[in-house]
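What follows is a set of notes on a single structure, which appears directly below.
The values are calculated or read from the model by the stated rules, or taken from the named source; none is laboratory data. Keep in mind that this is a model prediction, so the values were computed, not measured. Note that each Cβ is placed from the backbone with ideal geometry, even for glycine, and that neighbours are counted across all protein chains shown.
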Amino acid sequence: MINYIKGLFKGLWSLLVGLKVTFREFFTRKITEQYPENRSTLKMNERFCGELTMPHDENGNNRCIACGLCQMACPNGSIRITSEMVTDPDTGKQKKHLVKYEYDLGSCMFCHLCVNACPHHAIEFSTGFEHAVFTRSKLIKTLNKQ
Amino acid sequence: MFDFGILTNWIHTQLTSVMSEGLAIFLECVIIGVLLLLLYVIIAIIMIYMERKVCAAFQCRLGPTRVGPWGSVQVICDVFKMLTKEIITIRHSDKFLYNLAPYIVILASVMAFACIPISRGLEILDFNVGVLFFMAASSIGIVGILLAGWSSNSKYSLIGAMRSGAQMISYELSVGLSILTIVVLTDTMQFSEIVMRQADGWFIFKGHIPAVIAFVIYLIAGNAEVNRGPFDLPEAESELTAGYHTEYSGMHFGLFYVAEFVNLFIISSIAATIFLGGWMPLHIPGLDGFNAVMDAIPGFIWFFAKAFFIVWLLMWIKWTFPRLRIDQILTLEWKYLVPIGLLNLLLMVIVVVFKLHF
């Protein structure tokens, strides 16, 4: 009997706690984005994985060392790296140099594994999400500047 | 407070002056019927729109925004979509009962709807056992739901209908007990009279503790009665596809859908009528200026404000709690609500006998 009454009031209390949570939610600012209308002001979340990019500094240099770790990490084979061996004029040592960094947006699943694998933070995801194009070939992008 | 009875009496005398009494009454019945159905549809549309908006707000969304300003034309478009859809006949179903079931549900709903006093003089069915009639009329809906489940020859429909039968018949009891608690306080079963007795304070204030308990029990049981909220297992989408109306399509499905929403409104408006004073404005004894201001607001605005407030409360409950299992639902009813309701009735009798109410 005492358990019955205790359970009754405990249940009521937990229900009230639940109601309090949703009541607060009722008045919070709604997170819905009304996309085409707010296109100019839309701010995507920082960690949103939109499209793979390779940032370049003002001299047009990137940090990629053509190690190929991203290519190996990619589960879909969306990344293809073409590299060449060049001799460093100062030290005379052989060094790998990036020729072409090809990224297929069409087969990318935005898993972020390539960025995690990169030892030099040479690639990162941008927040751009408007990827629609008319032909498949336009989705294959060359990320490094030549 | 404007008395709509003056207007209706004027219409009646005007009609009887040009035709016989029987014809006049027949004509009035037709007009009232048409108006009732019109109001029914309008309420359904408002309720569906409100459901979408309120549900969205509780889930931190905006709800419909595209069709019309703030998505207000969305529901009307949905109604037209529903009207143009094909009504599919199921091959091995009981055709007669299958087609009859949605009309029984709608019939019960409209009969219960007609009991609601909207404003002074705006009562359609108002007689000395109105509460009893309301309970009886609203119970007919169960027959429609059971028929729908049985005749559509589908296991999901049948399970949904059986659950619904068990649930609705059980919760009828709690609804009855909590209304009875207020009937003990008022000593009348006529809805218009119940509202008139609340002129000097709504029953939730006059009846204090037992009235508040009865109000809470009524809200829980009423919510279960209309198969909504945490008690929506007759149409549990995740396990029974759509429950008793799985096999229905087009406007037959639409009738079930509309009836569900209007039943929610009926439950809310009855709660508003017997606990919150119906169309009676908020009166505080002693503050004459305040009372006069409150009287200036028309009765139907009071009524709809209260009814929709309770609708909002029920939607709040619906979008907060997870669905109960069938055994939990019956446990809640038979082991908690009914004993508490009976004790509460006893408490109310004590309060009334010793004149402890205000």
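Given the residues B:W302, B:W279, B:W334, B:W316, which is the only one that is within 27 Å of B:M168 (Cβ to Cβ), under 22 Å from the mean Cα position of the chain (by Cα) and among the hydrophobic types (A, V, I, L, M, F, W, C)?
Going through B:W302, B:W279, B:W334, B:W316 in turn, the sole match is B:W316.
Go through region B:28-84 and give me each residue that's aliphatic (A, V, I, L, M), under 19 Å from the mean Cα position of the chain (by Cα) and within 14 Å of chain A (Cβ to nearest Cβ).
B:M50, B:V54, listed by residue number.
Tell me whether region B:259-273 contains one or more residues that are surrounded by fewer than 17 Cβ atoms within 10 Å (Cβ to Cβ), of a type in the set (D, E) and at pLDDT below 90.
No; the residues of region B:259-273 include none that is surrounded by fewer than 17 Cβ atoms within 10 Å (Cβ to Cβ), of a type in the set (D, E) and at pLDDT below 90.
Which of the residues belonging to region A:58-85 are crowded, with 17+ Cβ neighbours inside 10 Å and in contact (Cβ under 8 Å) with a residue 60 or more places away in the chain?
Scanning region A:58-85 gives A:N62, A:C64.
Please work out if A:S14 is farther than 23 Å from A:C108 by Cβ, more than 9 Å from every other protein chain (Cβ to nearest Cβ) and assigned to a loop (DSSP other than H, G, I, E, B).
no
Filter region B:294-319 down to residues that are away from every other protein chain (no Cβ under 14 Å) and among the charged types (D, E, K, R) and give me whichever is nearest to B:I116 (Cα to Cα).
B:K306
Limited to region A:51-104, what total is found for residues that are outside any strand (DSSP E or B), polar (S, T, N, Q) and over 15 Å from A:I140 (Cα atoms)?
The qualifying residues number 4.
Filter region B:142-188 down to the residues that are hydroxyl-bearing (S, T, Y) and assigned to a loop (DSSP other than H, G, I, E, B) and list them by number.
B:S152, B:S154, B:T188, listed by residue number.
State all residues of region B:23-38 that are free of Cβ contacts under 8 Å to residues at least 60 places away in the same chain and either surrounded by 12 or more Cβ atoms within 10 Å (Cβ to Cβ) or more than 28 Å from B:S72 (Cβ to Cβ) (or both); if no residue qualifies, say none.
Once the filter is applied, which keeps residues that are free of Cβ contacts under 8 Å to residues at least 60 places away in the same chain and either surrounded by 12 or more Cβ atoms within 10 Å (Cβ to Cβ) or more than 28 Å from B:S72 (Cβ to Cβ) (or both), region B:23-38 yields B:L23, B:A24, B:I25, B:F26, B:L27, B:E28, B:C29, B:V30, B:I31, B:G33.
When you check A:N38 against the structure, is it away from chain B (no Cβ under 13 Å), more than 30 Å from B:P339 (Cβ to Cβ) and surrounded by 10 or more Cβ atoms within 10 Å (Cβ to Cβ), yes or no?
No: the conditions fail for A:N38.
Can you tell me which of A:F23, A:F48 is part of a loop (DSSP other than H, G, I, E, B), of a type in the set (F, W, Y) and loosely packed, with under 14 Cβ neighbours inside 10 Å?
A:F48
So which of B:P285, B:P281, B:P230, B:P322 is within 14 Å of chain A (Cβ to nearest Cβ), on the phi < 0 side of the Ramachandran plot and not in a helix (DSSP H, G or I)?
B:P322
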